[in-house]
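Peer 1: Structure below; questions to follow.
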Amino acid sequence: MSRPSSRMRAAARAAMTFACLLAVTGLPQVANAQAPSEEFTKYQRKNREKADQIIETLYNQGRAILIVATLGIDFKYPTEALLDDNLADEVTDKGRSAAVEYSMAMEWVNVTDPESMVVIAQNVSLQQIGPPGWFYRHKIGNNDYLVFVVEPGTYSLSKISYPRPRSRLGEGQFIASGHRTAAIGELRQVASSMLEAEETMVYRDAITTTVAGSEECNWWYKGVCTQSVYTPEYTEQTRAAGYYPMTNYLPIPATDVGIKFTDEVASFQVEAGEVILVDGLFPQPLDTDMGVDDCRRGESMEVCALQSMELVRAKGSVEQLRAFDFAAVFYPRLGKLVSGVQHRQLKLNGTPLGESKFGERYRFSR
């Protein structure tokens, strides 16, 4: 049997990791859906056409269409080999950033109706968590675009969660400031573990099986066997002795990181009947600077006051969205709505730090 691709393994692992992060983020838990396939079966086509109808109906009932630009995984990891080497699902993997990005979730909450929220994540769709998840995800250029149907209102960035493979409490990019300043939120780390595959070669003895003797008639005359062939008992080898590959799954220390903002660091507003595009906002895994203070650590958890944090803005393109052929992926109604999409600027209460390879960096603090 062929081994699943890097992206299939990453999606499956992200689905499992997301359930583990619920204790840190407080998001609702529902059944996981399978990773979306690029091949359209008849069943998938009918599902998409039905979803397209639902999007149009909800929009006509006074809701809005929200499209969020996120950093494209295929852009950052253009080859299977590069992605595979950063999944941290094998002991030989050199990196772990892709494992973080596939499982990262950003929660944006409606400030006047906290039950209405949007969860920005690679593998957290409507099928998995209901209305907070995206209806459709597609790739254009350097970005992935996530499509949501939302209640009108102002949405504020509330929580960020992600796993940190190969880490322990007290390790990482969390910097003690050395002086007390007002906090913008809370950083919570919970000790956990993740499995990594180790391929080894194991010697195995030969396997033989004994086949019992048998007699078979090969000539019948008037219902009577007149000639038969007897096969005596014999032994055959079903596996030769030698070394064979074996996969062991080793538990590796990890931490689940949850960030809850008490200050408004970023927000956007959307009205009923609008179709808007907003830029994505995300931490750069393993390289994101965070200033912390007043840390309290127990046996399996650490909680700190979050004083500052760096985030990166993924810029979306209205032109890219309008040029995309939604009808070709069985979302013709959505395509007509997106033809009138407008770019809505985020309100960012942070300090710009300049451009990075994957977007503009901002520092958020008091």
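The values are calculated or read from the model by the stated rules, or taken from the named source; none is laboratory data. Here the structure is a predicted model, which is why all the values come from computation and not from measurement. When we count neighbours, we look across all protein chains shown, and the Cβ atoms used for this are built from the backbone with ideal geometry, even at glycine. Quick note on the areas: whole protein, heavy atoms, side chains included, nothing else; ligands and nucleic acids left out. Shrake-Rupley method; radii C 1.70, N 1.55, O 1.52, S 1.80 Å.
Peer 1: Before we move on, is Arg322 basic (Lys, Arg), closer than 24 Å to Asp74 by Cα and either open to solvent by less than 80 Å² (accessible area, probe 1.4 Å) or part of a loop (DSSP other than H, G, I, E, B) (or both)? Walk me through how you get there before you give the answer.
Peer 2: Working: basic (Lys, Arg): yes; closer than 24 Å to Asp74 by Cα: yes; either open to solvent by less than 80 Å² (accessible area, probe 1.4 Å) or part of a loop (DSSP other than H, G, I, E, B) (or both): no.
So Arg322 does not fit the description; no.
Peer 1: For the range 225-246, does any single residue satisfy the condition of being within 30 Å of Ser192 (Cα to Cα), open to solvent by less than 90 Å² (accessible area, probe 1.4 Å) and of a type outside the set (Asp, Glu)?
Peer 2: Start the filter on the range 225-246 by keeping residues that are within 30 Å of Ser192 (Cα to Cα), which leaves 245-246.
The next check asks that each one be open to solvent by less than 90 Å² (accessible area, probe 1.4 Å); those that pass are 246.
Checking which are of a type outside the set (Asp, Glu) leaves us with 246.
Within the range 225-246, one or more residues are within 30 Å of Ser192 (Cα to Cα), open to solvent by less than 90 Å² (accessible area, probe 1.4 Å) and of a type outside the set (Asp, Glu).
Peer 1: Taking the condition small (Gly, Ala, Ser), assigned to a loop (DSSP other than H, G, I, E, B), at pLDDT 90 or above and more than 23 Å from the chain's Cα centre (by Cα), does Gly354 pass?
Peer 2: Details: small (Gly, Ala, Ser): yes; assigned to a loop (DSSP other than H, G, I, E, B): no; at pLDDT 90 or above: yes; more than 23 Å from the chain's Cα centre (by Cα): yes.
Judged against the criteria, Gly354 is not a match.
Peer 1: May I ask you to verify whether Val275 is more than 26 Å from Tyr102 (Cβ to Cβ), in contact with a Leu (Cβ under 7 Å, 6 or more places away or on another chain) and surrounded by 15 or more Cβ atoms within 10 Å (Cβ to Cβ)? If you could, list the steps in order and put the result at the bottom.
Peer 2: On the way: more than 26 Å from Tyr102 (Cβ to Cβ): yes; in contact with a Leu (Cβ under 7 Å, 6 or more places away or on another chain): yes; surrounded by 15 or more Cβ atoms within 10 Å (Cβ to Cβ): yes.
The answer is yes for Val275.
Peer 1: Against the definition (open to solvent by 10 Å² or more (accessible area, probe 1.4 Å) and of a type in the set (D, E, K, R)), how does Asp144 come out, yes or no?
Peer 2: On the way: open to solvent by 10 Å² or more (accessible area, probe 1.4 Å): no; of a type in the set (D, E, K, R): yes.
So Asp144 does not fit the description; no.
Peer 1: What residue, among those in the range 154-190 that are of a type in the set (Gly, Ala, Ser) and surrounded by 17 or more Cβ atoms within 10 Å (Cβ to Cβ), is modelled with the lowest pLDDT? Talk me through it step by step, then tell me what you get.
Peer 2: Here is the first cut: in the range 154-190, the residues of a type in the set (Gly, Ala, Ser) are 156, 158, 161, 167, 170, 172, 176-178, 182-183, 185.
Those still in the list that are surrounded by 17 or more Cβ atoms within 10 Å (Cβ to Cβ) too: 156, 158, 161, 167, 183, 185.
Values: Ser156: 97, Ser158: 96, Ser161: 93, Ser167: 89, Ala183: 92, Gly185: 94.
Only one residue tops the list, namely Ser167.
Peer 1: Identify all residues within the range 192-215 that are hydrophobic (A, V, I, L, M, F, W, C) and under 20 Å from the mean Cα position of the chain (by Cα); write none if there are none. Please lay out each step first, then the result.
Peer 2: The first filter runs over the range 192-215 and keeps only residues hydrophobic (A, V, I, L, M, F, W, C), leaving 194-195, 197, 201-202, 206-207, 211-212.
Correct list: Met194, Leu195, Ala197.
Peer 1: Please specify each residue of the range 347-366 satisfying the condition of being surrounded by fewer than 18 Cβ atoms within 10 Å (Cβ to Cβ) and not basic (Lys, Arg).
Peer 2: Asn349, Thr351, Pro352, Leu353, Gly354, Glu355, Ser356, Phe358, Glu360
Peer 1: Now for a different question. Return the residue satisfying two criteria in turn: it lies in the range 54-95 and is part of a helix (DSSP H, G or I) and in contact with a Leu (Cβ under 8 Å, 6 or more places away or on another chain), and of such residues it is most open to solvent (accessible area, probe 1.4 Å). Spell out the reasoning first.
Peer 2: Quick first cut of the range 54-95, residues part of a helix (DSSP H, G or I) only: 54-60, 73-76, 80-84.
Checking which are in contact with a Leu (Cβ under 8 Å, 6 or more places away or on another chain) leaves us with 55-56, 59, 73.
Numbers: Ile55: 1, Glu56: 67, Tyr59: 43, Ile73: 14 Å².
The residue in question is Glu56.
Peer 1: Test each condition in (1) at pLDDT below 90; (2) in contact with a Gly (Cβ under 7 Å, 6 or more places away or on another chain); (3) open to solvent by 20 Å² or more (accessible area, probe 1.4 Å) for Pro131 and report the one that comes out false.
Peer 2: If we test Pro131 against (1) at pLDDT below 90; (2) in contact with a Gly (Cβ under 7 Å, 6 or more places away or on another chain); (3) open to solvent by 20 Å² or more (accessible area, probe 1.4 Å), just (2) comes out false.
Peer 1: Also: Which condition does Glu302 not pass, out of (1) farther than 18 Å from Asn110 by Cα; (2) within 22 Å of the chain's Cα centre (by Cα), if it passes all the others?
Peer 2: (2)
Peer 1: In the range 96-126, what residues are over 12 Å from the mean Cα position of the chain (by Cα) and open to solvent by less than 10 Å² (accessible area, probe 1.4 Å)?
Peer 2: Those that are over 12 Å from the mean Cα position of the chain (by Cα) and open to solvent by less than 10 Å² (accessible area, probe 1.4 Å): Asn110, Val118.
Peer 1: Please go through (1) within 42 Å of the chain's Cα centre (by Cα); (2) over 30 Å from Thr288 (Cα atoms); (3) open to solvent by less than 50 Å² (accessible area, probe 1.4 Å) for Pro253 and return the number of the only condition it doesn't satisfy.
Peer 2: (2)
Peer 1: Report, by residue number, each residue of the range 285-297 that is in a loop (DSSP other than H, G, I, E, B), touching a strand residue (DSSP E or B) at 6+ places or on another chain (Cβ under 6 Å) and open to solvent by less than 30 Å² (accessible area, probe 1.4 Å). Break it down into steps so the answer makes sense when it comes.
Peer 2: So in the range 285-297, the residues in a loop (DSSP other than H, G, I, E, B) come out as 285-289.
Among the residues that remain, those that are also touching a strand residue (DSSP E or B) at 6+ places or on another chain (Cβ under 6 Å) are: 288-289.
Listed by number, the list holds a single entry, Thr288.
Peer 1: Check Asn60, Asn32, Asn123 and return the single one that is under 19 Å from Gly153 (Cα atoms) and either polar (S, T, N, Q) or at pLDDT 90 or above (or both). If you could, list the steps in order and put the result at the bottom.
Peer 2: Values: Asn32 fails: under 19 Å from Gly153 (Cα atoms); Asn123 fails: under 19 Å from Gly153 (Cα atoms).
That would be Asn60, the only listed residue that is under 19 Å from Gly153 (Cα atoms) and either polar (S, T, N, Q) or at pLDDT 90 or above (or both).
Peer 1: With (1) at pLDDT below 95; (2) hydrophobic (A, V, I, L, M, F, W, C); (3) in a strand (DSSP E or B) as the list, and Ala328 as the residue in question, which single condition is left unmet?
Peer 2: Ala328 satisfies every listed condition except (3).
Peer 1: Please note which strands (runs of 3 or more DSSP E) are completely contained in the range 148-241 and include at least 1 residues that are without any contact (Cβ under 8 Å) to a residue 24 or more places away in the chain. Don't jump to the end; show me each part of the working.
Peer 2: On the way: elements: 153-165, 174-176, 185-204, 207-211, 214-221, 224-231, 234-239.
Filter on the range 148-241 gives 214-221, 224-231.
Peer 1: Right, something else. Whether any residue in the range 298-305 is open to solvent by 20 Å² or more (accessible area, probe 1.4 Å), within 24 Å of Tyr145 (Cα to Cα) and in a loop (DSSP other than H, G, I, E, B) is what I want to check.
Peer 2: Of all residues in the range 298-305, those open to solvent by 20 Å² or more (accessible area, probe 1.4 Å) come to 298-301, 305.
Filter once more, so that each one left must be within 24 Å of Tyr145 (Cα to Cα): none.
For the range 298-305, residues open to solvent by 20 Å² or more (accessible area, probe 1.4 Å), within 24 Å of Tyr145 (Cα to Cα) and in a loop (DSSP other than H, G, I, E, B): absent.
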